[in-house]
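**Q** Quick one: the structure is below, and I'll ask about it shortly.
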Amino acid sequence: MPELPEVETVKNALAPHLQGKIIKACHFFTAGLRQKLDEELFNNAFIGTKIIRLKRRSKYLIFELDNNKWILSHLGMTGSWRLCPSTEARKKHEHISVLLGDGTQDLRYCDPRRFGEFRMITAPLNKDDDPQALAHLGPEPFDDAFNQAYLWNLSRNKTKAVKGFIMDPKTVCGIGNIYASETLFRCGISPLRKTQKLTKKDCHNLISHSQEVLQQAIAAGGTTIIDFQAPDGSEGWFHQQLNVYGRNGKKCTTCDKVIKRVVQTGRSSFYCPGCQK
DNA sequence: CGCGGCCCCTGGCCGC
DNA sequence: TGCGGCCAGGGGCCGC
């Protein structure tokens with residue numbers, strides 16, 4: 001589902017179909033997602049504009065348009081985009097329709113929990129060519145800026161648990177609840193450990209293992225996407241590859257201890273008390 | 001400023 | 001079979 005690797009996969013799948021296309025009209029079938037959706041405002045800004053590029057930053061999809069505006073799309077927990085003929089009947093929980101080209105092709109957004117976002121951005125770009133609205137985000141996990149010295153310095157004097165630290169997009173983008181648990185398992189670090197207790201070696205491991213986990217998930221993107229679009233048939237990459245996530249009460253894949261579940265700031269964390277200290 | 005708690009929303013699943 | 005409770009991969013805001 002929509003964590004960094006899945007958003008990357010969605011971007012790669014949609015980009016060739018969207019780049020160069022003209023927006024004919026937007027229709028909203030809901031008053032709002034996380035924010036209010038104003039159909040008139042969007043149509044005034046976007047009708048007749050061309051989609052130049054589709055990008056990803058953190059877990060955001062960015063539609064770059066030819067009139068110095070951008071659309072930010074965030075999938076929240078349950079959001080998905082699909083392309084279909086505009087004659088196709090609207091499915092349950094489809095909230096947005098973006099008609100493309102001559103209007104026969106339709107980009108539809110579906111989101112049962114409506115935790116997603118669809119936002120118009122007009123502010124200038126920052127130095128990384130991203131909308132200023134995303135300037136608060138930390139480095140991408142594969143960016144050179146996400147290095148040992150950076151993580152070590154940032155981790156000093158932080159009393160909060162390391163699980164929250166690596167899930168914080170100001171620390172690094174794209175590590176959600178699943179990949180946080182999986183990364184910490186591979187590092188042998190307990191999710192409960194205080195951030196300031198990380199060693200330099202731990203910082204190095206957090207970087208290499210988070211990259212490894214995300215890279216493997218990106219490589220499995222196709223499979224994940226099928227699960228994502230058909231949430232009821234969830235027999236995908238995750239269930240085969242996860243070492244700790246959702247495995248509480250089951251035996252560790254490495255030692256003979258039992259995986260534990262704890263709740264941290266309202267979210268479940270899973271870890272092996274034998275392997276992770 | 002850092003941190004935890006709580007909220008947005010629907011639906012699936014589990015136990016009674 | 002129905003119903004209440006709990007859980008869900010994200011992130012913003014608020015109060016301490």
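The values are calculated or read from the model by the stated rules, or taken from the named source; none is laboratory data. The model shown is predicted, which means the values in this text are computed figures rather than measured ones. Cβ atoms come from the backbone with ideal geometry, glycine included; neighbour counts cover every protein chain shown. Note: areas computed on protein heavy atoms with side chains; ligands, DNA, RNA excluded. Shrake-Rupley method; radii C 1.70, N 1.55, O 1.52, S 1.80 Å.
**Q** Which residues, taken from the range A:175-200, are in a loop (DSSP other than H, G, I, E, B) and at pLDDT below 90? Spell out the reasoning first.
**A** Of all residues in the range A:175-200, those in a loop (DSSP other than H, G, I, E, B) come to A:175-176, A:188-193, A:198-199.
Answer for the range A:175-200, where residues must be in a loop (DSSP other than H, G, I, E, B) and at pLDDT below 90: just A:G176.
**Q** Related question: Just checking, does the range A:247-257 include any residue being open to solvent by less than 50 Å² (accessible area, probe 1.4 Å) and at pLDDT below 90?
**A** Looking through the range A:247-257, at least one residue is open to solvent by less than 50 Å² (accessible area, probe 1.4 Å) and at pLDDT below 90.
**Q** Further question: Kindly list the number of the only condition in (1) more than 11 Å from DNA strand C (Cβ to nearest atom); (2) touching a Leu at 6+ places or on another chain (Cβ under 9 Å); (3) part of a loop (DSSP other than H, G, I, E, B) that fails for A:I207.
**A** (3)
**Q** Please go through the range A:78-99 and pick out each residue that is surrounded by 15 or more Cβ atoms within 10 Å (Cβ to Cβ) and either over 14 Å from A:H17 (Cα atoms) or within 16 Å of DNA strand B (Cβ to nearest atom) (or both).
**A** A:T78, A:G79, A:S80, A:S86, A:H93, A:E94, A:H95, A:I96, A:S97
**Q** Another question about this same structure. Among the residues of the range A:152-175, write down those that are within 11 Å of DNA strand C (Cβ to nearest atom) and open to solvent by 50 Å² or more (accessible area, probe 1.4 Å).
**A** A:P169, A:K170 - these are the residues of the range A:152-175 that are within 11 Å of DNA strand C (Cβ to nearest atom) and open to solvent by 50 Å² or more (accessible area, probe 1.4 Å).
**Q** Something else about it: Could you check the range A:120-150 and list, in sequence order, the residues that are open to solvent by 40 Å² or more (accessible area, probe 1.4 Å) and modelled with pLDDT of 90 or more?
**A** Answer for the range A:120-150, where residues must be open to solvent by 40 Å² or more (accessible area, probe 1.4 Å) and modelled with pLDDT of 90 or more: A:F142, A:D143, A:D144, A:A145, A:N147, A:Q148, A:A149, A:Y150.
**Q** May I ask you to say which residue of A:D102, A:D130, A:D111 is away from DNA strand B (no atom under 14 Å from the Cβ), within 28 Å of A:K36 (Cβ to Cβ), in contact (Cβ under 8 Å) with a residue 12 or more places away in the chain and not aliphatic (A, V, I, L, M)?
**A** A:D130
**Q** Can you find even one residue in the range A:21-34 that is open to solvent by less than 10 Å² (accessible area, probe 1.4 Å), in contact (Cβ under 8 Å) with a residue 60 or more places away in the chain and in a helix (DSSP H, G or I)?
**A** Scanning the range A:21-34 turns up no residue that is open to solvent by less than 10 Å² (accessible area, probe 1.4 Å), in contact (Cβ under 8 Å) with a residue 60 or more places away in the chain and in a helix (DSSP H, G or I).
**Q** Only one of these is open to solvent by less than 40 Å² (accessible area, probe 1.4 Å) and either farther than 22 Å from A:G138 by Cβ or assigned to a loop (DSSP other than H, G, I, E, B) (or both): A:L14, A:L72. Name it.
**A** Going through A:L14, A:L72 in turn, the sole match is A:L14.
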